[in-house]
Amino acid sequence: MKLGLHKRSNKKLTMGEVLEINPDSLTTVPPQTLEDLPWHFLRKLMALSGTARNTDLVPKDKEDEDEEVDINDEGFFLRGMDYGGSVNPLDVLCAVLFCSDSFLHQEIFLKMSMCQFALPLILPPPKRIFMLWALRDIVRKWRPHCLVEKRGFREESLVRTSMATISVVRMGRSSFSKSKLLNEVLSSPQQHHDFFVHRDMECGRVESFLMKLGLHDRSSKKLTMGEVLEINPDILTTVPPQTLEDLPWHFLRKLMALSGTARNTDLVPKDNEDEEVDINDEDFFLRGMDYGGSVNPLDVLCAVLFCSDSFLHQEIFLKMSMCQFALPLILPPPKRIFMLWALRDIVRKWRPHCLVEKRGFREESLVRTSMPTISVVRMGRSSFSKSKLLNEVLSSTQQHHDFFVHRDMECGSAPREISDGLVEISWYFPGGREKSDLFPEPVAFTNLRGDIESYWPQFRFLTVVSSAVFIIAENMSDKQCDMLATLQGSASKYYLILNVDGEKSKETLRFLNKLAPLLSLTKSQILVKEKNKNTAEFVKKFRSTIRNIVNSPQKVVSIEVMAKVSQELGIPTDEERQTCQIGILHANEITEEIKDVVVYKKKMLKLQGDLWKNLTKVEKEWCRMKWQDDTSAEDYKSQLRQKLIDLRYQQNQCDLTNGITTFINGMQHLHSKEKHYFLKRLKFNLDSVARANLSKLREEYKELYQNSGNDPGQLVQLDELISASSLGIEHFMRELGQFYEAEYMMAKEDKTIERHRQFVHLPGIAADLMLEGFPMELIDGDASNIPLQWITDVLTALHSKVGGKSRMKVLTVLGVQSTGKSTLLNTMFGLQFAVSSGRCTRGAFMSLLRVSENFQQELSCDFILVIDTEGLKAPKLATLEDSYEHDNELATLVIGLSDITLVNLAMENTTEMKDILHQSTLF
């Protein structure tokens, strides 16, 4: 019933059904429900895939609360169990055999024997059948030692071959696996193979490790950004992790704070001497194992990624890149997923040597930047660390940095349990300093964890995408030589790094002579690391070899191109989920129309621009009454009110443009996960469209700002250009706010319109976004205006959605522009305020942080509202555009709203800040 095979007890599965060509047979998506497992096993087995026995489930990205369900459906609760986790591969095999006919049995057994999987001889109860017919098709060929000299062999049907039989059984419980023992006995010294399913292989090993870290229930209910950012007592502690269950949260909290110690997985024992214990507690001894020792940091990282949703993946990768940690490119088995979506948020800025004289630079999304890729892999065992070697190559002479985890760093020597097969990637970007830059252009470096013999699909991928592949080997065998010979004709260039014992050097030389013509190896492509040789000299030689590769014409690829290669090789990407594809399609529909940002904003965002600025002036004059002259206050206010109504009427007469219609449809009709993907991809697309022009303008602004000899008027012009060229999700949300405000005022003036309001649902959508962690614009930075009715109704909708539990503490940041205010808040709370060079924040944005229930009483609030503000202007702009008045208004507003105000001081602006703070506190 669980596997969806209950109807197959009578009507058996046949070869025709298994071999039928249908859409499912073309998919590379891993199994998502229990009902997928039999078909996943059969299709993978027919393709002779070694992963056929992988029964790990990947949860669907679906919002159960939004899905219409029939709870009277007898299979509803069973299907609810289908998301996440795994099933024992032997159970799936037996279920398939119970429900298949005899001819499919023969094909299954034949394919399993070709994959070197152990075969069922007698089925378990209730069948208990000896599988003679199923075994009859298998023929084996071998050379017994008595025929070695004659170079003869034997070939015979397996069922008719007489041989000795060794049986291994268990009596009672056992602390070690007999199946694993048999695999060790049957495997050659050069290559291990899992003939028999055992507790420590892929699915069982990962599940066991997740259990140790307390993440076993997160296979289905994934960790989210909201949970990680939640304010609770644990985030205030500085106590190091004491149990294995502390490690995932310690890693995440340290990473969100951009701490270089995030990968430190060392456990500190609790002081338990005086604690009363119950030795009859069955978990007592297991818990005792949690104290002290350490876990490999890569295992913790992989466990967290296995148990996190796609949006937390993006934030983890972004923070890791800011800490200069190597990033996972392909997750290890059983997931084996290419992490394209997770890498999309990362943007890098660099100055290649070709732009040094022009003082130019490039800023681009990492996934779209084409560059040479250098891969380093290991064949067999190695006495030195390739990860440590890569760190030496990538580090400057002035400062060493551990990009990749290695055995000699803190906690790096702990044995890896689930991270073998992981492919990591790191990058080098030049800074435009020809004497100190290691390489003149950007270079990507990938690192495969584990032996290439055990992880051939990952290695095959690297051979396709890499400009050069460095293979580290100590001693080479015939089998390894034959394996490398299969790379003949590959477009990549291969280099061998040999760390050879004197005794084995002649044998290795023989293999090299055999491989040289096949792989077009020259002497320069063979690097020998002598054990008594200085490591620094070898690093220098290795770096020089890479520099020669980079300087010569070679293959360059982007991460997006790599993702296509991975799909072709059967490694799925994290963007293949249906929810992700739906979000991407909606986002692309909007950005495909954008050719020129300035033109698009005028055409599609009609309620902004001059109309919105005029409204702002009238609203401010309503409060200030500066130009009243001799007119009575009542008449003057009446005139201003009429102007407001006329301007709102003009706004209300504007039709919804295509871009705004598509945006509203996406916000209104997509499920929560689809909407999240839609907004994240739209942000990525909009940033990509605007980045080329904005990067140049912001750099010019920064240089002018730092050069006091320039005319301040130029800064104002550049500031206006930056504003006109900027386009983000906040502009679309601002347009929705203006449509809502215009409709609200018209309904207020004419009650008959109330029944026909079409934007009344928009505040609820904005409130949902705030609850999901998206920053919401509070003050429009272009017009310096607060859409009061819009903000009021959004917060009212939020209050309703949380059931009235919306007590808030407000925290804001204030400071001169370009002093890192947004970065400060992002680092303190793990938020996602926009950061960039130049004047990155315009106006003010608010973001919501949930307080855990066990901390609400202590903090006297349910949420913390964090407000990020526009930077106050430089002293040199004081005489322009009422700068001080604007700054005083901004400071007064945020201090008045706040329970806590963080003032970010730059030393050179201390006096100006004191003046502004003094003025704001007078109100």
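Return a yes/no flag: does region 819-837 have any residue that is among the aromatic types (F, W, Y) and over 21 Å from T224 (Cβ atoms).
Looking for residues that are among the aromatic types (F, W, Y) and over 21 Å from T224 (Cβ atoms), one finds none in region 819-837, hence no.
Only residues in region 646-668 that are over 15 Å from R681 (Cα atoms) count as the first member; pair them with residues that are open to solvent by 50 Å² or more (accessible area, probe 1.4 Å) and of a type in the set (S, T, N, Q), Cβ under 8 angstrom, at least 6 apart or cross-chain, and list the lot.
L647/N614
Are any residues in region 849-863 over 9 Å from E230 (Cα atoms) and open to solvent by 100 Å² or more (accessible area, probe 1.4 Å), and if so, which ones?
E853, N854, Q857, E858
Residue-by-condition table, conditions (1) open to solvent by 100 Å² or more (accessible area, probe 1.4 Å); (2) touching a residue at least 12 places away in the same chain (Cβ under 8 Å); (3) out of contact with any His (no Cβ under 8 Å at 6 or more places or on another chain):
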{"site": "W133", "(1), (2), (3)": "yes, yes, no"}
{"site": "V148", "(1), (2), (3)": "no, no, yes"}
{"site": "R154", "(1), (2), (3)": "yes, yes, yes"}
{"site": "K178", "(1), (2), (3)": "no, no, yes"}
{"site": "S187", "(1), (2), (3)": "no, no, no"}
{"site": "D217", "(1), (2), (3)": "no, no, yes"}
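Residues checked against (1) surrounded by 22 or more Cβ atoms within 10 Å (Cβ to Cβ); (2) free of Cβ contacts under 8 Å to residues at least 40 places away in the same chain; (3) in contact with a Ser or Thr (Cβ under 7 Å, 6 or more places away or on another chain); (4) not in a helix (DSSP H, G or I):
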{"residue": "M320", "(1), (2), (3), (4)": "no, no, no, no"}
{"residue": "L329", "(1), (2), (3), (4)": "yes, no, yes, yes"}
{"residue": "W341", "(1), (2), (3), (4)": "yes, no, yes, no"}
{"residue": "W350", "(1), (2), (3), (4)": "no, no, no, yes"}
{"residue": "K358", "(1), (2), (3), (4)": "no, yes, no, yes"}
{"residue": "I374", "(1), (2), (3), (4)": "yes, no, yes, yes"}
{"residue": "V377", "(1), (2), (3), (4)": "yes, no, no, yes"}
{"residue": "L390", "(1), (2), (3), (4)": "yes, no, no, no"}
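Does G804 satisfy the criteria of being assigned to a loop (DSSP other than H, G, I, E, B) and surrounded by fewer than 20 Cβ atoms within 10 Å (Cβ to Cβ)?
Here the answer is yes, as G804 does meet what is asked.
Just one of T879, T796 is modelled with pLDDT under 75 and either in a helix (DSSP H, G or I) or open to solvent by 40 Å² or more (accessible area, probe 1.4 Å) (or both); which is it?
Within the list T879, T796, the selection yields T879.
I'd like to verify a number: residues in region 444-461 that are in contact with a Lys or Arg (Cβ under 9 Å, 6 or more places away or on another chain) and part of a strand (DSSP E or B), how many?
Number of matching residues: 5.
How about region 484-534: which of its residues are assigned to a loop (DSSP other than H, G, I, E, B), out of contact with any strand residue (DSSP E or B) (no Cβ under 9 Å at 6 or more places or on another chain) and either at pLDDT below 85 or under 23 Å from Q458 (Cβ atoms) (or both)?
T486, Q488, G489, A491, D501, E530, K531, N532, K533, N534
In this structure, does S413 turn out to be open to solvent by 30 Å² or more (accessible area, probe 1.4 Å), more than 24 Å from R348 (Cβ to Cβ) and assigned to a loop (DSSP other than H, G, I, E, B)?
In short, yes.
Might you check whether a residue that is out of contact with any helix residue (DSSP H, G or I) (no Cβ under 6 Å at 6 or more places or on another chain), farther than 22 Å from L462 by Cβ and touching a residue at least 60 places away in the same chain (Cβ under 8 Å) occurs anywhere in region 555-573?
no
Are any residues in region 573-591 part of a helix (DSSP H, G or I) and either polar (S, T, N, Q) or surrounded by fewer than 17 Cβ atoms within 10 Å (Cβ to Cβ) (or both), and if so, which ones?
Within region 573-591, Q578, T579, Q581, L585, N588, T591 meet the criteria.
Of everything in region 421-435 that's in a loop (DSSP other than H, G, I, E, B) and touching a residue at least 40 places away in the same chain (Cβ under 8 Å), which residue is nearest to A303 (Cα to Cα)?
Checking each candidate, the answer is L422.
Of all residues in region 445-500, count the ones that are open to solvent by 30 Å² or more (accessible area, probe 1.4 Å) and either within 18 Å of R543 (Cβ to Cβ) or of a type in the set (D, E) (or both).
So the answer is 3.
The values are calculated or read from the model by the stated rules, or taken from the named source; none is laboratory data. Small disclaimer: the values here were computed from a predicted structure and weren't measured. Cβ atoms come from the backbone with ideal geometry, glycine included; neighbour counts cover every protein chain shown. Remember, those area values only see protein heavy atoms, side chains included, never the ligands or the DNA or RNA. Shrake-Rupley method; radii C 1.70, N 1.55, O 1.52, S 1.80 Å.
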